[in-house]
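One structure is given here, and the rest of the page talks about it.
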Amino acid sequence: MNQKIFFTSDHHFGHTNIIKFSERPFQTIEEMDEELIKRWNVKVSASDIVYHLGDISLARPERTKEILDQLNGTIFLVKGNHDKSALSYPKRFQWIKDYYELNVADEEAPNGKQKIILFHYAMKVWRSSFRGTWHLYGHSHGHLFDDPTSRSFDVGVDCHNYAPLSYEEVKSIILKKDWKAPFG
């Protein structure tokens, strides 16, 4: 099985005002929801893993369930501030947490694994940031300044063509940053 890992955030399914607030290129929430589902499923297969960093849906619980049932992959939810509807369907998620420290097997990373801190909100520093641990977040819809020297960035859909990012895409973005270990 060729299982891939993906990261994403801030779909805001069913949220009419997000189209205006984030200047999304959709006319209606129906069009937006349909396109977000399509772009998710084009990249993510049924056997893949997705870490969603919050604000998956503001639709009614029944509609949220319909949407979640259409999305490929095993979903792990790091809660955002707009996840009440998603929380009404907990069995769709492998787990639901406020914060998570993930280790991804990667032969090119120190000790053969890359530690990634997953949180809905951006942080200036995080556990082992001085050692090269990455931090992925959402919430800001691309409105935060991206620090080119920090091994962190916004994985929200508004920043990445309305689709999840694979681990390889995240790694490519992170490693282009001008980060240097602050000690030694």
Of all residues in segment 17-32, which are of a type outside the set (Lys, Arg), open to solvent by less than 90 Å² (accessible area, probe 1.4 Å) and under 21 Å from His120 (Cα atoms)? Asn17, Ile18, Ile19, Ser22
Please find, within segment 35-65, the residue that is farthest from the chain's Cα centre (by Cα) out of those that are surrounded by 15 or more Cβ atoms within 10 Å (Cβ to Cβ) and among the acidic types (Asp, Glu). Glu35
Note on segment 149-184: residues open to solvent by 20 Å² or more (accessible area, probe 1.4 Å), among the hydroxyl-bearing types (Ser, Thr, Tyr) and touching a residue at least 60 places away in the same chain (Cβ under 8 Å) are Tyr162
Of all residues being of a type in the set (Phe, Trp, Tyr) and outside any loop (DSSP other than H, G, I, E, B) in segment 130-149, which is farthest from the chain's Cα centre (by Cα)? Just the residue, please. Phe130
Leading residue by the ranking (most open to solvent (accessible area, probe 1.4 Å)) among those in segment 88-114 that are in contact with a helix residue (DSSP H, G or I) (Cβ under 8 Å, 6 or more places away or on another chain) and assigned to a strand (DSSP E or B): Ala105
Within segment 141-148, is even one residue in contact with a His (Cβ under 8 Å, 6 or more places away or on another chain), crowded, with 20+ Cβ neighbours inside 10 Å and not polar (S, T, N, Q)? no
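Looking only at residues in segment 34-85 that are among the β-branched types (Val, Ile, Thr) and touching a Pro at 6+ places or on another chain (Cβ under 7 Å), which one is farthest from Tyr99 (Cα to Cα)?
Of all residues in segment 34-85, those among the β-branched types (Val, Ile, Thr) come to 37, 42, 44, 49-50, 56, 64, 67, 74-75, 78.
Subsequent filtering for residues that are touching a Pro at 6+ places or on another chain (Cβ under 7 Å) retains 44, 50.
Details: Val44: 23, Val50: 15 Å.
Of everything passing the filter in segment 34-85, Val44 is farthest from Tyr99 (Cα to Cα).
I'm checking my understanding of the structure. Among residues of segment 48-81 that are in a loop (DSSP other than H, G, I, E, B) and free of Cβ contacts under 8 Å to residues at least 40 places away in the same chain, which one is farthest from His139 (Cα to Cα)? Quick ask: steps written out before the conclusion?
Here is the first cut: in segment 48-81, the residues in a loop (DSSP other than H, G, I, E, B) are 48, 53-56, 58-60, 71-73, 79-81.
Next, only the ones that are free of Cβ contacts under 8 Å to residues at least 40 places away in the same chain stay: 71-72.
Values: Leu71: 21, Asn72: 23 Å.
Top of the filtered list is Asn72.
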Testing Ser45 on (1) of a type in the set (S, T, N, Q); (2) touching a residue at least 60 places away in the same chain (Cβ under 8 Å); (3) part of a loop (DSSP other than H, G, I, E, B), one condition comes back false. Which one is that? (2)
I'd like the full set of residues that are basic (Lys, Arg), over 16 Å from Val170 (Cα atoms) and either in contact with a helix residue (DSSP H, G or I) (Cβ under 9 Å, 6 or more places away or on another chain) or open to solvent by less than 50 Å² (accessible area, probe 1.4 Å) (or both), limited to segment 115-140. Arg131
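For segment 124-138, enumerate the residues that are closer than 18 Å to Ser9 by Cβ and modelled with pLDDT under 95.
Initially, segment 124-138 is screened for residues closer than 18 Å to Ser9 by Cβ, giving 126, 134-138.
Of everything in segment 124-138, just one residue is closer than 18 Å to Ser9 by Cβ and modelled with pLDDT under 95, namely Trp126.
The values are calculated or read from the model by the stated rules, or taken from the named source; none is laboratory data. Keep in mind that what you see is a predicted model, and the values were worked out from it rather than measured. Quick reminder, even Gly has a Cβ in these numbers, built from the backbone with ideal geometry, and neighbours come from all protein chains shown. Just the protein is used for accessible areas: all its heavy atoms, side chains included, with ligands, DNA and RNA removed. Shrake-Rupley method; radii C 1.70, N 1.55, O 1.52, S 1.80 Å.
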